[in-house]
Amino acid sequence: MKSLIISNETIKFLLKRGGSIIFTLIGLSILIFILARILPGDPARMAAGWTAPDWVIEEMRRKLGLDQPLHIQYIRWLSDVLKGDLGFSIYTKRSVTVDVLQYLPKTLELIFVAELFSITGGILLGILAGAFPYRLPDNVVRVMSYIAISMPAFVWAIILQLMFARIIPLFPAGGQLSSHIVPPPRITGSIFIDSIISGRFDALIDCLWHTILPALSLSFGSMMQNARILRMGMTDIKGKDYMVLSDALGLPLRLKIYKYQFRPASIPAITAMGMSIGADLGNAFLVENVYNWPGFSRYGVTAMLNKDLNAIVAVVLVVGIVYAIANFIVDLIILSLDPRIRRMSRSV
Amino acid sequence: MESLLRVEDLNVRYKSYRGELKVLDDVSFEVKVREKVGLIGESGCGKTTLLKSILRILPPNSIIYKGKIFFKNIEIIKANKNEIFKIRRENIGMIFQDPMSALNPFFKVKDQLYDALRYSVHNIKSQQDLQQMIIKLLKEVALSDSERILESYPFELSGGMRQRVCIALALTRSNDLLLADEPTTNLDVTIQEQILNLLRELVNKRGLSIVLVSHALGMVKEFVDKIYVMYAGQIVETASTDKIFSEPLHPYTKLLLSAVPRLTGRWKAEGLIGRLPDYVNPPPGCRFYMRCQQSNSNCKIKPKLLKLNKDHSVACWLYGDEEH
Amino acid sequence: MNELVITGRRFRLLSDRFKKFWFKFSRSSLSIIGLIISTTCVILAVLAPYIVPYPEHIEWYIDYDNALRPPNLEHILGTDQYGRDVFSRIIFGMRYSFTLVVVVLSIVIPTGIVLGVLAGYFKDTWFDYLIMRISDTFVAVPPLVMALAIAAVLKPSMINSMIAVSLTWWPWYARLTYSAVSSLKNEYYIIYSEVIGVSKLRVMFVEILPNCIGPILTKATLDVGWVILVGAALSFVGLGAQPPIPDLGTMVAEGAHLLPTTWWVSIFPALTITIIILGFNLLGDGLKDVFTEEKY
C-alpha cells in the first residue's frame, strides 16, 4: 500500500466521497421516513391492530408522536436512530436494534462468501475471456454469462436446492447449522467468527457447508456480470496505443496481460463489483427465503409481509449503510489502483 | 550499401462490416544500413499500417494477404514467435504518433522503462546496472531531472517529455532500425524541431537506419536521404530527397508538394481536391486516377513502379511509354 | 411528381439506414436469437387468450381430479395443485409481466429523460443538484430492496407493484440522460445553435436529445428483462400480484413447496422468466453493438 501515501488529491477525493455518502444517507433517511408516513396505510392503526377501536388508535397516535408535524417527527426519529434506537417491532415484539444486531451478521457472512465466489470467479473468467477474445474460452464464458445473468437468483436458488440438496443430497437444503450442532457462544452474532473465537471448528465447518449453496445461488449472476465487465475492459484496453507499444517492445505475454492490460481494465470491473454487492444484497432477500437462512433479509421480508413499519425502515436504512460502506471500500481500492485520481488535481 | 529491411509486394487488408478494406496494395520498400528514409503521403494512406506490419503488430482484424518482409534475411511474415520477439526486443524500435496515449497511464515511467530494459538485449546483472542504464538513457534523450521523471506517471509530463520517454523506450530496442510514425504531429510546433533534432542526433550517433513518417515535408526534407511517396496504399514515387523536391514526377507528388504553404512569394497553395478512394472497392488501375488532372484511358490499368534511373522510380503512365 | 421523387428518396435513405442497421445487428447470431426469443414471447403474450388450450384455468378453477399431473399430451407442462394447466397459466403470466413492463417503462422513461435532460442542460445549478441528489437517494439502496420496501408499505397488488418498481427505476434513466446530455452540451454544434438564438427547449429536446436515443433504447431493451425480474421477485416473496393472478413469480413461489416431486409446477415458470430475460438481454446487447461506434 505504498501507493496510498496521502496526497492532497487523495484527501480531497476521500472527503468528497465521504461527504456524499453522508449526504445520501441523510437523503435516504428522509425518503424512507416520508414513504413510511405519507403513503397510504396508517401506522397507528397498524400498531394498534386492525380491530382496535378508534380511541385506542388515537391513544397510539399520541404515544407514537404521530400527531406532531412531519418535520418534528423526523427530527425526533432521527435523533432516536442516531442514539441507536430504531423503534419497536410490532412483529417480533422486541427492539428493532436488537433484531438488527442478531440477524445482520448472518446475512453479512452469507454475502461475504458469495462475494468471495463472485469476485475470484469473475476475475479468473474475465481474464481468461479477455486475454483471448473470440476464442473458445471467451465463447464459453460468454454463453455461460448470458445464462447466469438471465436466471434470477431465486431461480438459481430453487434449482441448486433441487439438484444438490434434494435429488443428490450433497448439501443441506436450508438453515445455517445442523440441528445436532450446538451453536457456538454468541459473541459477535456471526457464526463464522464466533466459532473461530471459541475454537468450535465443528460448527465452523457445518456452517460453511450450509453456506455453499445459498452463496453460489447469490453469486452466479454477479460473478458472470463481473467477468463480462472485466472481459469488456480487457478487450477495450487491448486496442489502446500503449498496448500496441508493449507489443512493439516485445514484452512477454504474461507481463503484458497481467500487468499492463489487467490494471487499467480492472477499474470498471471493480466499480461493477461494487454494484454487484448491491445486487447481492437485494437478491439475499429472495435467496435467504428459499434456504431458510436465519438472516437479516429474511427478517426484512417477514417485516414487510407483516407491515412492521419500524422494522422496514430499519432494514432499508441498514442496507443503505452496508451498501454505502461497500462502495466506499470500492472507492478506496480504485483510489489505490488508479494514479490519475490520486495524482491529478482535477479528479476523474 | 547492404540492405537491412526489404518489403516486397506487401498486401494488407482489414476486415470491416462493409467488406475487406484493401489498404496496402503491392507495396515494395527498402531500407539500407544507416539509411534515413522518409515516407510521406496524406492521412489514411497506409503509412502506419506499413510500419506496423514490419513489427507484426497489426490489429487483429487485419490480414496480411500477400507479400514478404525481409529483415536481415529473416522473413518476418513467416517467422516464428521467438524470432519475432527477438527482433522486437533487439533490432527494431518504434515511436508512435501520439505520445499522450502511447504510455500506459497506470504505471510510472520508471516501471515502463524497467520492464522494457529487463526484456531487451542489454545484459543487466543487477538493480544498480538497471538504474544506471536508465539514467544514461534519459540523459541521451535530453531529459534532465531524471529522478522526478522516473517517479512520474505519464499524464504528469508534458507532450515533449512523453515523446522523449517514448524515444528512450524505442532506443532500448533499436540497435538497427528506428520506425518513427509521425513523431512530431501531436506536439507543439516549438517542440517539433527539438524532437526531430534529437532523433537526428541519436540516429547519427548510434549509426541507425530510420524510417520517418511525417506530414511536415520541410522537416523531412532536411532529415532523410530518400523519400517514398505513398498514395492510397500504393507507393507512387521514390527518389532521393533532392530529386523529389527538385523534379517531382508523379502528379500526386507534385500536388502534395504544392499543397505545402510557403512563407515566401505570392504563390498560392493549390491543395488537393477530393479524397482517398474507398478501400473496399478501390479503382482497379492507378488509385490516384479519380483525382488526377492528367489522367487518360491508360490509367485504368495499374502502373508498375518504373525505374527511370538509378535513384528515381515512379508508378505512372505518363512516364516510360510502352515499356511496362 | 417532384414530391414523389422526394418521398422515394426519403424511403431509400430510410431503407439504406435500416440495411446498415440490420447488417451490424445480424453480425452476431446471438442478437438474432435474442430477437427471435423476445418477439416470440411478446406475440405469445399478446395472443394469449386465443392460443392457450385452457383459458378457463387462468384464475379461479379447481379440478382436484386432475391435480399435479406430470407433463403429458393434454397438459404439455402438467397441472398444478388445483388441476390448472401450467402452460396456459405461464402464457398468461407472460401477459401480466409484459403489462408490468409496458406500464413501468412508459412512466419511467419519459420522467427520467425529462429530468435528466433538464438537469444535464442546467448542470451546476440548483436544479441539477436537487434532481441528482434525489436520484442518488433512490439508488442508495439496491433497486430490489427499494421496490420491496415501497411495495410493503403499500398494499400488495398488481398496481402497487407497478408503482413500487416505477419509483425505484426512474433515477437510472435520469442519470443516463444526464451524463449524455452534460457531455453533449459542450459540443460545438450545440453551442453554435445557442449562439444563433435557438430556444433553450428546442436545443434540449430537438438538438441534444436525439443524440442520446441509442443508449436509452439499449437500456430500455435490457430493462424489459430486469423489470420482469423485479416484478417476479416481488410476487415471489408475496408483495406483488396476489393469487389467483397467474404471475410468474407467484407461480414459482407456490410451486416451490411441491419440490422435488412435482417439479414442473415451479420449474417451468422459473425457466420462462429466465428465457424472457435472456431474450431481451441478447437483443439489448445486439442493439448496443449497433449503437457503439466502429473501432476500426
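Structure above, values below:
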{"read-out": "The one condition in (1) in a helix (DSSP H, G or I); (2) in contact (Cβ under 8 Å) with a residue 24 or more places away in the chain; (3) surrounded by fewer than 21 Cβ atoms within 10 Å (Cβ to Cβ); (4) not hydroxyl-bearing (Ser, Thr, Tyr) that B:ILE135 fails to fulfil", "value": "(2)"}
{"read-out": "Options A:LEU245, A:LEU230; residue that is touching a helix residue (DSSP H, G or I) at 6+ places or on another chain (Cβ under 8 Å), within 12 Å of chain B (Cβ to nearest Cβ) and among the hydrophobic types (A, V, I, L, M, F, W, C)", "value": "A:LEU245"}
{"read-out": "All positions within the range A:131-183 that are more than 10 Å from every other protein chain (Cβ to nearest Cβ), in contact with a Pro (Cβ under 9 Å, 6 or more places away or on another chain) and modelled with pLDDT under 90", "value": "A:ALA131, A:GLY174, A:GLY175, A:GLN176, A:LEU177, A:SER178"}
{"read-out": "Hits in the range C:195-218 (condition: assigned to a helix (DSSP H, G or I) and more than 27 Å from the chain's Cα centre (by Cα))", "value": "C:VAL195, C:LYS200, C:LEU201, C:ARG202, C:VAL203"}
{"read-out": "Filter result for A:GLY300 (assigned to a helix (DSSP H, G or I), at pLDDT below 90 and in contact with a helix residue (DSSP H, G or I) (Cβ under 7 Å, 6 or more places away or on another chain))", "value": "no"}
{"read-out": "The one condition in (1) modelled with pLDDT under 90; (2) within 14 Å of chain C (Cβ to nearest Cβ); (3) over 30 Å from A:PHE262 (Cα atoms) that A:ARG186 fails to fulfil", "value": "(2)"}
{"read-out": "So B:ASN73, is it more than 29 Å from B:GLN192 (Cα to Cα) and either buried (at least 22 other Cβ atoms within 10 Å of the Cβ) or within 14 Å of chain A (Cβ to nearest Cβ) (or both)", "value": "no"}
{"read-out": "Within the range C:69-166, helices (runs of 4 or more DSSP H) holding 1 or more residues that are of a type in the set (S, T, N, Q) and surrounded by 22 or more Cβ atoms within 10 Å (Cβ to Cβ)", "value": "C:86-121, C:126-138"}
{"read-out": "Residue check for A:LEU86: surrounded by fewer than 23 Cβ atoms within 10 Å (Cβ to Cβ), away from every other protein chain (no Cβ under 14 Å), more than 20 Å from the chain's Cα centre (by Cα) and within 30 Å of A:VAL313 (Cα to Cα)", "value": "yes"}
{"read-out": "Set C:LEU234, C:LEU259: member being within 30 Å of C:GLU56 (Cα to Cα), more than 12 Å from the chain's Cα centre (by Cα) and not in a helix (DSSP H, G or I)", "value": "C:LEU259"}
{"read-out": "Residue among A:PRO214, A:PRO184, A:PRO169 that alone is buried (at least 21 other Cβ atoms within 10 Å of the Cβ), more than 22 Å from the chain's Cα centre (by Cα) and farther than 26 Å from B:GLU90 by Cα", "value": "A:PRO184"}
{"read-out": "Residues of the range B:1-46 that turn out to be within 13 Å of B:PHE71 (Cα to Cα) and part of a strand (DSSP E or B), as a count", "value": "10"}
{"read-out": "Filter result for the condition that a residue is touching a residue at least 24 places away in the same chain (Cβ under 8 Å) and acidic (Asp, Glu), over A:ASP206, A:ASP202, A:ASP194", "value": "A:ASP206"}
{"read-out": "Condition met for A:PHE171 (part of a loop (DSSP other than H, G, I, E, B), in contact (Cβ under 8 Å) with a residue 24 or more places away in the chain, aromatic (Phe, Trp, Tyr) and more than 16 Å from A:ALA284 (Cβ to Cβ))", "value": "yes"}
{"read-out": "Residue within the range B:85-99 that is aromatic (Phe, Trp, Tyr), within 28 Å of B:THR185 (Cα to Cα) and not in a helix (DSSP H, G or I) present", "value": "yes"}
{"read-out": "Selection count where residues are within 14 Å of chain A (Cβ to nearest Cβ) and surrounded by fewer than 17 Cβ atoms within 10 Å (Cβ to Cβ), scope the range B:138-158", "value": "3"}
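Yes/no matrix, rows are residues, columns are (1) more than 14 Å from every other protein chain (Cβ to nearest Cβ); (2) surrounded by fewer than 21 Cβ atoms within 10 Å (Cβ to Cβ); (3) farther than 28 Å from A:ARG343 by Cβ:
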| residue | (1), (2), (3) |
| --- | --- |
| B:VAL165 | no, no, no |
| B:THR172 | no, no, no |
| B:LEU179 | no, no, yes |
| B:THR184 | yes, no, no |
| B:ASP188 | yes, yes, no |
| B:ASN197 | yes, yes, yes |
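The values are calculated or read from the model by the stated rules, or taken from the named source; none is laboratory data. Quick caveat, the model's predicted, so the values are computed rather than measured. All Cβ positions, even for glycine, are placed from backbone atoms using ideal geometry, and neighbour counts span all protein chains on display.
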